[in-house]
Amino acid sequence: MDDLARLREFRRAVPPPNAAARNAVRAAMFQSRDRTRRRFHWPSVHLSAARATVLVAAVAVAFSALALNPLRGSRQSPLSPAVVLANAVQAMNRPVPSAGTARVSYMNSDAVAITLPQQKIHHLTVTSWTLRDWRHWRIHIAILAPDPVPRSQTVVANGRRAVYTDTVDGRLATYPINSPLAGAGLFGMFLGAETPEQIGTLKHMLRTLMTEHGSSHVRLVGQAQILGRRTAVVEISPFVCSPTRTAGALGTSGCTHGGIGYGRKRLWIDERTGMTLRVQGFDVPYTQPLAQHNFLYRVTKISFGSH
Amino acid sequence: VRNDDTWAESDGAVIGRSHTEPREFGVVFERHFDAIHRFIARRLGPALADDLAAETFSRAFAQRDRFDTCRCDARPWLFGIAANVLRGYCRTEERALRAYARTGVDPLDFPETDAVIARVDAGAAAPCLASALASLNPADRDVLLLLAWGDLSYAEIAEALNIPLGTVRSRLHRARGRVSDALRQAGFGRADARVLDGQEVSHG
């Protein structure tokens with residue numbers, strides 16, 4: 001048996017693709033970018049020399065006007081929000097190995113003292129993570145407020161399940177990871193980037209952008225540097241539409257399917273990796289009566305590469 | 001006029017037709033998806049294979065105007081795209097191979113029964129092979145695995161990776177030399193091979 005024959009035997013028993021995944025791939029393939037059909041053909045226009053000169057001059061004037069326009073925003077991004085969000089969702093499917101620390105803070109109304117609307121509780125959590133892929137990661141959560149005694153929790157995803165332990169009450173829980181997406185959901189949930197988890201937020205924004213008219217509700221605010229990385233800042237407003245009107249409503253604008261809009265949310269998305277480095281929420285109610293206000297998730301340290 | 005015997009048509013003709021009828025690309029998908037998926041699954045495991053095979057075919061579909069429709073077989077082109085897609089996962093592959101070499105257990109997410117069969121198939125040489133594959137540089141490994149697992153000829157590998165035929169030969173020579181050396185050092189050398197071959201002949 002030579003080296004090639006042995007190699008052919010190595011990992012021979014590979015399971016075939018399952019039919020559902022195969023069909024999904026086939027369907028998705030036709031929705032992918034079809035360059036052939038969109039190929040641009042230059043129109044065959046015959047210009048006289050005089051007309052061509054006028055045309056060139058007009059284009060030059062237009063360019064110079066654009067370049068010298070003092071009202072043009074200096075931080076205007078050349079990207080479209082759809083591209084930024086699509087890249088971010090795509091990146092969530094294939095995470096870049098990374099390690100870092102994030103700080104999560106927000107104010108909650110006290111569920112017990114709900115009759116006292118002014119009473120707010122400040123939540124502060126610092127999370128550290130090491131990510132290899134969606135099935136293999138580790139998160140350490142230090143809860144600094146509101147508990148009087150700081151507590152920490154650890155979650156380790158070992159490929160098949162995520163094991164959660166709490167140092168104070170010794171609680172242990174396991175969560176199955178049946179697919180990379182399930183691992184991504186758990187990672188986002190424990191990291192505290194957002195609730196619902198980060199990937200859900202991104203997809204929600206992308207769906208909003210694609211199904212509603214124009215980009216009036218999801219827009220690219222600009223670009224910013226976070227930890228030396230260039231990020232695109234995307235804002236969605238309103239973030240949720242509710243059938244009932246309560247305090248903090250933004251009105252019906254932006255809710256094309258009815259309802260009243262609430263909350264704004266901004267995401268700072270790393271343009272190279274698609275990772276969300278910062279999330280800021282303003283008056284975003286998720287569940288009543290625990291309304292979440294002024295949510296801030298901020299990555300304070302990050303490094304990429306295998307860990 | 002559509003030919004009823006679609007499967008007898010060359011890939012080039014089908015891809016050419018898909019420029020105006022995108023759905024026709026489904027024929028190429030049906031012909032080659034399993035082979036591409038299997039190739040990726042052997043290298044990175046079934047968990048990633050679904051995503052990466054999807055990425056390969058999405059890219060192929062988007063770039064089908066680049067395919068030379070005079071060519072009969074789209075496999076080299078598709079394997080070339082798959083190799084490009086896999087390039088971003090070199091380190092993942094190497095880590096998995098090293099872990100296999102160290103522990104004797106394949107860390108890729110194969111279903112339990114298949115994993116057992118795979119271990120029996122590969123025999124005791126598997127960790128040694130894993131170690132040898134991990135030690136190859138990615139370009140040499142690509143060439144070797146396209147030959148062994150993709151079943152491409154030398155010329156097809158050259159086409160897939162867009163490299164000269166001579167380079168394919170030299171990379172293969174280097175890669176196979178390293179694998180053979182590793183097998184020999186672990187006691188699976190030529191003497192062993194002759195004995196095994198003799199047994200096969202005598203039983204046959």
Problem set entry | Potential lengthening between A:ALA5 and A:ASN18 on full extension [0.36 nm per residue; Cα-Cα distance subtracted] | 1.9 nm
For this session: Determine, from the Cβ-Cβ distance of B:CYS90 and A:HIS122 and an R0 of 45 Å, the FRET efficiency 1/(1 + (r/R0)^6), rounded to the nearest 0.05.
Result: 0.50
Exercise. Given H placed 1.01 Å from N in the peptide plane, which residues other than close sequence neighbours of A:ARG151 have an amide H under 5 Å from its amide H?
Worked result: A:ILE143
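Taking the beta-carbon count within 10 Å as an exposure proxy, list B:TYR100, B:TYR154 from fewest neighbours to most. Before the final figure, lay out each step's value.
Working: B:TYR100 24, B:TYR154 15.
Ascending Cβ contact count within 10 Å gives the list B:TYR154, B:TYR100.
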Exercise. Points 7 angstrom from Cα along the Cβ direction at A:ALA27 and A:THR300: gap in nanometres?
Worked result: 4.5 nm
Exercise. Once you put a point 7 Å from the Cα of B:ARG98 and another 7 Å from the Cα of A:ASN158, both along the Cβ direction, what distance in nm separates them?
Worked result: 2.2 nm
Exercise. If R0 is 25 Å, what FRET efficiency do you get for A:VAL96 and A:ALA145 from their C-beta distance, rounded to 0.05?
Worked result: 0.20
Problem set entry | Pairwise label distance in nanometres, B:SER10 with A:ASP169, each label 7 Å out on the Cα-Cβ vector | 7.0 nm
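When the convex hull of the C-alpha atoms of the range B:9-60 is computed, what volume per residue in Å³ does it have? Before the final figure, lay out each step's value.
Numbers: hull volume 3.6 nm³, N = 52.
Hull volume over Cα atoms, normalised by residue count, gives 70 Å³.
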Exercise. Arranged by the count of other C-beta atoms within 10 angstrom, fewest first, what order do A:THR165, B:THR69, B:THR56, A:THR231 take?
Worked result: A:THR165, B:THR69, A:THR231, B:THR56
Problem set entry | Distant-in-sequence amide H partners of B:ASP151 (H built 1.01 Å from N, under 5 Å) | none
Exercise. Residues of B:171-184, mean number of Cβ from any other protein chain within 10 Å of their own Cβ, rounded to a whole number?
Worked result: 2
Exercise. What is the average number of partner chain Cβ atoms found within 10 Å of a Cβ in B:50-62?
Worked result: 6
Exercise. Going by how many other Cβ atoms sit within 10 Å of their own, how do B:GLU30, B:GLU9 line up, fewest first?
Worked result: B:GLU30, B:GLU9
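Read-outs throughout are calculated quantities, based only on the coordinates presented, and are distinct from any laboratory measurement. No experiment lies behind these values; they were computed from the predicted model shown. Positions of Cβ are backbone-derived with ideal geometry, glycine not excepted, and every protein chain shown enters the neighbour counts.
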